[in-house]
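The structure appears below as structure tokens.
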Amino acid sequence: MTPVPIRYGARPCSLVVCRGCCCGDARKNPGTDHAGQLARLREAAAASGGRLAVRTSECLGPCAQANIVVVQPSTEGRRRGGRAAWVAFTLDQDSLDDILAWTAAGGRPGEDVVEGSQCCQRLMGNR
């Protein structure tokens, strides 16, 4: 048996979109286009040239803060100090604008979009 080498390469910034029991549920947040949000994130990933990946997950836990999106920084973003961030209450287009702008920057900390983002401020304690 020939061993298969493990390749460590640059990973894109990725979004984990909760679609469990409460996130993505029109009964919990009836004014939100949940399918439209996911479609918009997937379209952005498809247009990113491999710099953004999107996947869904079952319940991530903090149901009172639905909809949850976890931003995982790219390899370069991690080199610059980025760590995974849980973004809560992503219920409107402004939240998606903020998340997509942040991911376009690789999901690195300290970007202006993070500091000014209302959705990120809610999660990060209004820093």
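Of all residues in region 32-54, which are more than 15 Å from L96 (Cα to Cα) and either of a type in the set (V, I, T) or open to solvent by 80 Å² or more (accessible area, probe 1.4 Å) (or both)?
A46, A47, R51
For E76, work out the one condition from (1) touching a residue at least 60 places away in the same chain (Cβ under 8 Å); (2) among the charged types (D, E, K, R); (3) surrounded by fewer than 13 Cβ atoms within 10 Å (Cβ to Cβ) it doesn't fulfil.
All conditions are met except number (3).
Among the residues of region 89-108, which ones are more than 17 Å from A46 (Cα to Cα) and part of a loop (DSSP other than H, G, I, E, B)?
The answer is F89, T90, L91, D92, G107, R108.
Out of A101, A105, A66, I need the residue that is out of contact with any strand residue (DSSP E or B) (no Cβ under 6 Å at 6 or more places or on another chain), open to solvent by less than 50 Å² (accessible area, probe 1.4 Å) and within 17 Å of N29 (Cβ to Cβ). Which one?
Result: A66 is the single residue among A101, A105, A66 that is out of contact with any strand residue (DSSP E or B) (no Cβ under 6 Å at 6 or more places or on another chain), open to solvent by less than 50 Å² (accessible area, probe 1.4 Å) and within 17 Å of N29 (Cβ to Cβ).
Can you name every residue in region 67-88 that is closer than 19 Å to G9 by Cβ and part of a strand (DSSP E or B)?
Residue satisfying the conditions is Q72 alone.
The values are calculated or read from the model by the stated rules, or taken from the named source; none is laboratory data. None of the values given here were measured: they were computed from a predicted structure. Note: ideal-geometry Cβ built from the backbone for every residue, glycine included; neighbour counts use all protein chains shown. To get the accessible areas, we keep the full protein, side chains included, count just its heavy atoms, and leave off ligands, DNA and RNA. Shrake-Rupley method; radii C 1.70, N 1.55, O 1.52, S 1.80 Å.
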